[in-house]
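Comments concern the structure below.
All of the numbers you see were taken from the coordinates with simple rules; none came from a lab. Only a predicted model underlies this, so the values are computations on that prediction, with no experimental measurement involved. Note: ideal-geometry Cβ built from the backbone for every residue, glycine included; neighbour counts use all protein chains shown.
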Amino acid sequence: MYRVSDVCRLVIDYSNEMNYGISNLKLQKILYLIQAYFLSKSSHRCFDERIEAWDFGPVVPKAYREYKQYGGGNIPSTHYPVKPEHRIRRLFSVGKDKTYSISEDDQERIKQVIDAFSDYTAADLVRLTHNQKPWKSAYDLGRNSEIKVNDIAEYFNAGNK
C-alpha cells in the first residue's frame with residue numbers, strides 16, 4: 001500500500017503532464033476510482049486512508065484538506081505539500097523530482113485510471129459515483145460516513161462499473 005499523498009502527487013503530475021487538468025473535486029473521485037481499480041484487479045488497496053461519502057461523492061478527507069486551497073481550480077504540478085512555516089524555503093528548493101514511492105507497474109495502473117476518466121469533468125464524476133452502490137449505501141446527509149473498502153471491492157468485482 002502507498003501513502004495517499006504519493007498517489008495524489010502522481011495523479012496531479014500526470015494529469016498536468018497530459019494536459020488533463022485536475023481540480024480537488026476531480027482528484028477525490030479519481031482517488032476513489034483508483035482504489036476501486038486496485039481492489040478489483042489485485043484485491044489489495046492502493047492506499048489505506050479512509051474514503052467518505054460526502055455530498056459531492058467520495059472523498060479522501062486527508063487529501064481533500066491538503067488541496068482545498070485550490071478551490072475549484074486546477075492543482076499545479078509544482079505543489080509539494082509543506083507546512084506554512086516552510087513556504088519561504090519552498091520557493092527556493094522545489095525541484096522537478098519525478099520519483100515516486102510507487103512501483104512502476106502500479107504507476108501504470110494509476111495512469112490507466114486517469115486516462116480512462118480524463119474526458120470526464122468533475123461534475124460528470126460526481127454523477128457517476130452518485131449512481132454507484134458504495135456511495136449510495138454509505139451516504140447520509142451531513143454525516144460524511146465511511147465508504148467501506150469491502151463495499152467498493154464487492155461492487156467493482158461484480159462487474160458493476
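The figures follow:
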item	result
Reachable aspartates and glutamates from LYS136, criterion Cα separation under 13 angstrom, eight or more residues apart if same chain	GLU52, ASP55, GLU146, ASP151
Segment ASN74-ASP140, length gained on full extension (0.36 nm per residue, minus Cα span)	20.9 nm
Sites ASN19 and ASN157, calculated FRET efficiency, Cβ-Cβ separation with R0 41 Å, nearest 0.05	0.80
Amide H contacts under 5 Å for SER145, placed H, 5+ residues apart	ALA53, ASP140
